[in-house]
Amino acid sequence: MKLLKSDIDWATSIVSEIEEFASQLDDTRSRCDCCSLKKYDNYDEGMVKLAAQSAVTKVNKLKSLIKAIRTAQSKPSYDHKSLFNG
């Protein structure tokens with residue numbers, strides 16, 4: 001399967017959308033009175049933002065992999081038999 005430039009564009013678009021979504025979430029943390037640990041003020045939004053940031057990291061890794069595969073696919077491949085048979 002040949003990877004296309006549109007695959008990289010898709011990954012870039014997805015990253016932008018997730019980052020924009022995550023920027024709208026409240027991930028404010030406050031210290032707990034009883035144990036002094038930092039806890040999310042809005043736990044649900046904090047956890048969703050954390051998951052969104054993780055997704056961005058994974059899609060960026062996928063994007064790097066797509067670029068590497070495209071680079072490898074664009075290099076000429078040699079038929080080893082033809083090198084020896086003249």
Could you go through region 3-26 and let me know if any residue there is aromatic (Phe, Trp, Tyr), in a helix (DSSP H, G or I) and modelled with pLDDT of 90 or more.
yes
Checking the condition within 22 Å of residue 4 (Cβ to Cβ), of a type in the set (D, E, K, R) and either without any contact (Cβ under 8 Å) to a residue 40 or more places away in the chain or touching a Gly at 6+ places or on another chain (Cβ under 6 Å) (or both), which residue from 61, 39, 49, 67 passes?
61
Which one of 33, 27, 41 is loosely packed, with under 11 Cβ neighbours inside 10 Å and among the acidic types (Asp, Glu)?
33
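The values are calculated or read from the model by the stated rules, or taken from the named source; none is laboratory data. On a predicted model such as this, the values are computed, not experimentally measured, just so you know. With ideal geometry, Cβ positions are generated from the backbone for all residues, glycine too; neighbour counts draw on all protein chains shown.
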